[in-house]
Amino acid sequence: MNIHEMTVETLYEKIQSKEIKPSEVVGALFDRIEASDETIGSFLFVDKEAAMKQAEALDQLQAEDRMEGPLFGIPMGIKDNICTKDVLTTCASRMLEDFIPVYDATVMEKLNAANAVMVGKQNMDEFAMGGSTENSYFKKTRNPWDTNAVPGGSSGGSAAAVAAGFVPFSLGSDTGGSVRQPAAFCGVVGMKPTYGRVSRYGLVAFASSLDQIGPITRNVRDNAKILELISGSHNKDATSKPGMDNNFLEGIDKDLSGMKIALPKEFIREGISEEVKASVRKAAETFESLGATVEEVSIPHTKYVVSAYYLIASSEASSNLARFDGIRYGYKAEGTKTLEEHYKKTRAEGFGEEVKRRILLGTFVLSAGHYDQHYIRAQKLRGVIEGEMKDLFNEYDLIIGPTTPTPAYDLGEKSDDQLEMYKDDILTIPANLTGMPALSIPSGLSTSGRPIGLQLIGNHFDEKKIYNAALKFEEQFNLHEELKSLQLEVQ
């Protein structure tokens, strides 16, 4: 097996047994990146010199039998909205083109302590606003399965890099589906943890009541392992919850006898492609063959989630992004004479069109006379939807459905129709509005050969149950062999 085809688990075993050196792993993956990422565009930048230097230092520790850390010598890619000390963190925006953080995000502290090796920072939609990675200030990313297709977004670079075999795992962030949707489009596994499971200290904020950091991997076991390592509370993030069970690998292989699964009829209604519906129904049959019971249910208010989400998320974005004024740091416009002129020109030139669109919407929603009419009503609806889903978990263990209404679409196909792109988030948004964990795993291929994703949603802090069901499903269906044979060329 080639190094780029290996999972985190396999690489770890081979390094621990001294079958391969960390520098051989990192070197082989850089060879693949240099050969193919000009086509895919998953990385905004890589630092080969620093990564190889770290890997060679780990070689020495390996020779001395001092292989400490659960990710000793394992390469990783990081979405470029997660702060990395002394390394550029641009959020794929002109506004932060030269921003170098002076500290690491909590998740980076944990991964560095595990002795993982960072290969580089990955492309994304600007400030995580988008669903195709076409909104990056720097470049577009292509889908490794079909280079005419989008990889999804906003963590498109992170998912594409894992699918292309550039790294065995990446971190992304998920505010409305930004880990799960690109994972579905790229045929890999992506998890949005429960709100509060992972510290967000050091994640550049988009919508603070919705943002979460999650792992993207080639299989379920690797995903559970990475989430174990980045989970936990932190005193710099008051929303992170202490005292949670983060041992997701324990009991992951249990059989599914007696498990009750809900399939909401709203998740397979009009607007969902026939190929995707067929894939979900087949997945339901697979779960039943494994001993689970699958029943159709209803979550009636999910039809309003897109409106509620974009009112809430845009309002929080308007507030969070107000800090970028070109005075303390970030892009600064030239040739202005007054403070007001400076603010206007800096923000007009520093932000892209989609970011400005959401700031304007959020500012309108929060303005006097509209706050009660829009923002408060959206928050009330959020509570209603959470109540409906919590009621289901009194009777069922999991909720399943498609991750996306369709497989990946072509580059440029929806870039001029933002409302159409917003509607594509309808299946992933409920987990963000309710704070519940949700995972996307591959469940099929379309007739055009593009992956289809299945979403598993659990009750708060019930990731262990999701991983258990996902692993048993993955044993029946996966795209592991197809991932190994991807041809990374422009078609």
Measuring from the lowest to the highest alpha carbon on each principal axis, how far does the stretch 137-207 reach, largest first, in angstroms? 36, 26, 19
State, to one decimal in nm, how far the label point of Lys345 lies from the label point of Asp86, with both points 7 Å from Cα in the Cβ direction. 3.6 nm
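Could you order Met244, Met108 so the one with the most accessible surface comes first? Probe is 1.4 Å.
On the way: Met244 75, Met108 5 Å².
So the residues, ranked largest to smallest area, are Met244, Met108.
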Given labels modelled 7 Å from the Cα in the Cβ direction, how far is it in nm from Tyr103 to Lys139? 3.2 nm
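Would you work out the charge dipole size for the stretch 7-98 about its Cα centre, treating the Cβ of every Lys and Arg as +1 and the Cβ of every Asp and Glu as -1, and quote it to the nearest 20 debye? Write down the numbers at each step before the final one.
Values: 10 positive and 19 negative charges, 34 e Å.
My answer is approximately 160 debye.
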Rounded to the nearest 10 Å², what accessible area does Asp416 show when all protein chains are kept and the probe is 1.4 Å? 150 Å²
Out of the GluC sites (Glu not before Pro) in the stretch 1-98, which ones are loop residues according to DSSP with at most 13 other C-beta atoms within 10 Å? Glu19, Glu64, Glu68
Pairs beyond 28 Å (Cα-Cα), from Lys110/Lys192; Lys110/Lys356; Lys345/Lys380; Lys21/Lys121; Lys18/Lys484: Lys110/Lys356; Lys345/Lys380
How many angstrom lie between the Cα centre of the stretch 119-158 and the Cα centre of the stretch 338-408? 21 Å
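From the Cα trace of the stretch 1-55, what convex hull volume per residue do you get, rounded to a whole Å³?
Working: hull volume 4.7 nm³, N = 55.
It is 86 Å³ per residue.
Do you know the relative contact order of the chain, to the nearest whole percent, from alpha carbon pairs under 8 angstrom that are 6+ apart? Intermediate results must be reported in sequence, preceding the final value.
Details: 1117 pairs, mean separation 86.5, N = 491.
Relative CO of the chain lands at 18 percent.
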Taking a probe of 1.4 angstrom, what is the accessible area of Thr338 in Å², to the nearest 10? 80 Å²
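First obtain the Kirkwood hydrodynamic radius of the chain from its Cα pairs, then insert it into the Stokes-Einstein equation at 4 °C and 1.567 mPa s, and state the resulting D in µm² per second as a whole number. The partial results should precede the final answer.
Numbers: Rh = 22.5 Å.
In µm²/s, the coefficient is 58.
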Using all C-alpha to C-alpha distances in the stretch 373-491, build P(r) with 10 Å bins and read off the rounded percent in each one. 11, 34, 32, 18, 5, 0
Label-point gap, in nm, between Lys254 and Asn2 - each point 7 angstrom along Cα→Cβ: 3.9 nm
Could you give the length gained on full extension between Gln379 and Gln476, defined as 0.36 nm per residue of separation minus the Cα-Cα distance, in nm? 30.9 nm
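Assign one of three labels to the stretch 59-160, namely rounded, prolate or oblate, based on the Cα gyration tensor with a ≥ b ≥ c the square roots of its eigenvalues; rounded applies when a/c is under 1.5, prolate when it is not and a/b is larger than b/c, and oblate otherwise.
Working: a/c = 3.06, a/b = 1.65, b/c = 1.86.
It is oblate, given that a/c is not under 1.5 and a/b is not larger than b/c.
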In the stretch 383-409, whose amide N lies under 14 Å from the spot 7 Å out along Cα-to-Cβ of Ser273? List them in ranges. 402-409
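Quote the charge dipole size of the chain about the Cα centre in Debye, to the nearest 20; the model charges only the Cβ of Lys and Arg (+1) and of Asp and Glu (-1).
About 1140 debye.
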Based only on Cα atoms, what Rg/Rh ratio does the stretch 101-229 have, Rh being taken as Kirkwood's radius? 0.93
Which stretch or stretches of the stretch 289-304 have amide N atoms under 18 Å from the point lying 7 Å from Lys265's Cα along the Cα→Cβ direction? 294-304
Any idea how far the Cα center of the stretch 275-324 sits from the one of the stretch 65-81, in Å? 32 Å
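The values are calculated or read from the model by the stated rules, or taken from the named source; none is laboratory data. All of these numbers come straight from a predicted model, not from anything done at the bench. Positions of Cβ are backbone-derived with ideal geometry, glycine not excepted, and every protein chain shown enters the neighbour counts. When the accessible area is computed, the model is the full protein with side chains, heavy atoms only, and any ligands, DNA or RNA have been set aside. Shrake-Rupley method; radii C 1.70, N 1.55, O 1.52, S 1.80 Å.
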